[in-house]
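Engineer: Sharing a structure with you now.
FYI, it's all coordinate maths here, none of it is from the lab. Quick caveat, the model's predicted, so the values are computed rather than measured. Note that each Cβ is placed from the backbone with ideal geometry, even for glycine, and that neighbours are counted across all protein chains shown.
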Amino acid sequence: MFKLEPRGEASSTMSYLSPVLAGVLTLITGGIFFAFLGHDPLHALSIFLIAPVSDLYGVAELCVKAAPIMLCAIGLALTFKAQVWNIGAEGQLLMGGLSASAVALFLIDVESGWALVAVLISGMIGGGLWGVLAAWLRNRFNANEILTTIMFNYIALYILLYFVHGSLKDPEGYGFPESALFSDFTLLPILLEDTRLHIGILFATFAVVAAWVFLSRSFLGFQIKVLGMDSNAAKLSGFKHKRLVILVMLISGALAGLAGASEVTGPIGQLIPSISPGYGYAAIIVAFLGRLHPVGIFFASLLMALIYMGGELAQIELKMPLAVTSLFQGMLLFYLLACDVFINFKIKLAKPKSITAESL
């Protein structure tokens, strides 16, 4: 028999090995799942994980999908480091996309490179303010940010739907709930010809580097980590607890808002009801899969983008429902949480109880 025994201190080895083990278990379970559905497991996994990036266009699409996930996950990592549980990246992304779209439509006749800058900044402001609102509720009324940010996701969605069906709907769009196409001056430049790869991936990469420098080299980053490790110690050290909460929520919301702005000004080119297939929710998995470290988040974002692409290709090639994407995301999160148990516990062989005369 086996039993779990607490470790003296958390295992740093298992902390980094856990995501790898979770990925392997997800692959094995995914192969079994495909086999039960009558598909060759190796062929199905090849279509799911290899075929999407088998050419240059596929690699470019991988970067297109990874960019918004990466931006959201970097912002979430900052809040989670401070023990502020922001589950609202999806809503902040939507509000960023809505704000950016409103400005892009207002500047549709402006022929200036500054128009794109204004659009992106407005997206960051929209997402940042949406995050700050949840932080203010926590500071002012002690409202649980997990609940408020989750609810704000749905509020943001219905606000977006209200405008895309109303004042922002294209009057010449034959009744479809979508805005007019943005002008070329408010669209993100393409990096690779004949692909959809835009400079949004550069924004995401810069955010990774900036977050690493911010957390490891700045006094504010130090305060955030201290706040997350021991809020009482942060207060005794004179750190402004409430200001730090607002700061991390502002940064997180602004990065998610930039992700939304990059989507509407990048691959979509207009405001539509579904500007995100759930990037903000996937970013939560990515943040923990990357161990809340910017470099880990960079690679975890690429993996999550690959899962999105694999789900779409499996729908076409294997005739599977699109829900296979959510299935793999769920399995990955489940195994990650299960494997994380071994960071603080280790498996020990339980010694059998000896039979004595007293026990008889």
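Engineer: Which option, (1) 16.9; (2) 24.8; (3) 21.8, is the value of mean projected area of the Cα convex hull in nm² that was calculated from these coordinates?
Structural biologist: Correct label, based on the coordinates given: (2).
Engineer: Stokes-Einstein D for segment 1-94 at 10 °C, 1.306 mPa s, Kirkwood Rh over Cα pairs, in µm²/s?
Structural biologist: 92 µm²/s
Engineer: Follow-up question, since we're still on this one. Using +1 at the C-beta of Lys and Arg and -1 at the C-beta of Asp and Glu, which of ILE159, TYR16, LEU306 has the Cα lying farthest in the positive direction of the dipole of the chain?
Structural biologist: TYR16
Engineer: With charges set only on the Cβ (+1 for Lys and Arg, -1 for Asp and Glu), what does the dipole of the chain come to about its Cα centre, in debye to the nearest 20?
Structural biologist: I would put it at about 1940 debye.
Engineer: Return the long-range amide H neighbours of PHE345 (sequence gap of 5 or more, or a different chain), with a cut-off of under 5 Å between placed amide H atoms.
Structural biologist: Residues meeting the criterion, in which the H sits 1.01 Å from N, are ARG7.
Engineer: Got a sec? Charge dipole of the chain, +1 on Cβ for Lys and Arg, -1 for Asp and Glu; which of ILE125, LEU98, ILE224 is way out at the positive end?
Structural biologist: Value computed over the given set: ILE224.
Engineer: Once the Cα gyration tensor of segment 174-329 is found, what semi-axes does its equivalent ellipsoid get, as square roots of 5 times the eigenvalues, in whole Å, sorted largest first?
Structural biologist: 34, 20, 15
Engineer: Can you list which of the DSSP-assigned H helices in the chain have a Cα extent of 24 Å or more along the long axis and an average Kyte-Doolittle score of at least 1.6?
Structural biologist: Qualifying helices, which must be both long enough and hydrophobic enough, are 145-164, 200-217.
Engineer: How many angstrom lie between the C-alpha centres of segment 254-276 and segment 131-189?
Structural biologist: Cα centroid to Cα centroid, the span is 10 Å.
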